[in-house]
Amino acid sequence: MYFDQSEYTIRCEWGPEGLHQLAPISDVLIIVDVFSFTTSVDVAVSRGAWVYPYGWKDESLLAFASSVGAIPAIASRRDPEGLSLSPSSLLRLQTGQKIVLASPNGAALSVAAGEIPTFAGCLRNADAVAAAAVQAAAARGGNRISVIPAGERWKDGTLRPGLEDRLGAGAILQRLPAEARSPEAEAAIAVFAHFRGRLEETLAACSSGKECADRGPAEDVRLAAALNASPYAPQLIQGAYQSQAKAAASIG
């Protein structure tokens with residue numbers, strides 16, 4: 001139909017409805033939630049941890065964490081000792097630790113992805129995730145890759161597209177085959193290209209960045225803006241994001 005970008009193999013669409021439209025015709029999904037779920041996932045798996053996504057931070061999260069033998073990362077972002085959705089709080093994780101991260105955006109999309117190979121993408125791991133996604137699609141005999149920027153939520157629960165997620169999506173998409181990109185994918189790439197030289201400044205000044213800095217450590221913005229600082233591609237395997245691949249050579 002009109003909205004599934006099916007004429008193209010490299011696609012980009014926002015949020016839950018974007019996932020609903022694109023997932024059935026995709027070989028690989030890439031979820032992008034720069035502030036802060038997928039950035040936090042990258043920080044965690046870079047340290048050898050496993051991250052179980054969970055859609056909502058409610059009482060059921062504790063039972064779920066117990067069932068998988070994981071630590072619920074539910075501390076306040078301002079708690080200097082606790083684990084939370086703040087990327088900087090996860091810098092202390094060690095190899096083999098398991099955590100549960102709740103988010104109504106990136107985590108909820110991850111849970112909804114089902115059995116389709118799914119990666120957590122952000123600015124930190126853009127090249128690594130793009131390369132791993134191409135390899136994962138090829139392993140299934142395909143080439144259809146959909147990037148889903150999560151966005152944020154207005155107070156009424158509706159989707160608020162965030163500049164940070166468009167930038168993250170563009171950083172990944174510009175590493176995917178140029179001849180196969182949808183106009184929506186090209187638009188994200190154009191935004192990323194415009195701001196590439198001043199990512200940290202832009203993230204700090206945008207609406208979501210100001211919210212992030214107000215809720216938690218200023219270091220979270222710096223971590224989110226660190227383009228290709230990570231060589232890891234977190235892949236969702238048996239319900240948990242794990243480090244399955246490192247950055248490959250240029251893929252065009």
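The values are calculated or read from the model by the stated rules, or taken from the named source; none is laboratory data. Remember, it's a predicted structure, so these values are computed and weren't measured experimentally. Methodologically, a virtual Cβ is constructed for each residue, glycine included, from the backbone with ideal geometry; neighbour enumeration extends over all protein chains shown.
A few points about this structure:
- The residues of the range 139-183 that are assigned to a helix (DSSP H, G or I) and buried (at least 22 other Cβ atoms within 10 Å of the Cβ), listed by number, are 164, 165, 166, 167, 168, 169, 170, 171, 172, 173.
- Unmet requirement for residue 77, which otherwise passes all of (1) within 12 Å of residue 102 (Cβ to Cβ); (2) surrounded by 13 or more Cβ atoms within 10 Å (Cβ to Cβ): (1)
- Residue check, residue 101 under 19 Å from residue 221 (Cα atoms), in contact with a strand residue (DSSP E or B) (Cβ under 8 Å, 6 or more places away or on another chain) and in a strand (DSSP E or B): yes
- Residue within the range 155-167 that is over 29 Å from residue 77 (Cα atoms) and either at pLDDT below 95 or touching a Ser or Thr at 6+ places or on another chain (Cβ under 9 Å) (or both) present: no
- Residue match in the range 43-50 (condition: more than 20 Å from residue 128 (Cα to Cα) and either part of a helix (DSSP H, G or I) or more than 18 Å from the chain's Cα centre (by Cα) (or both)): no
- The single condition among (1) surrounded by 15 or more Cβ atoms within 10 Å (Cβ to Cβ); (2) under 17 Å from residue 243 (Cα atoms) that residue 65 does not satisfy is (2).
- Any hit, the range 164-177, residues being over 27 Å from residue 49 (Cα atoms) and in contact (Cβ under 8 Å) with a residue 60 or more places away in the chain: yes
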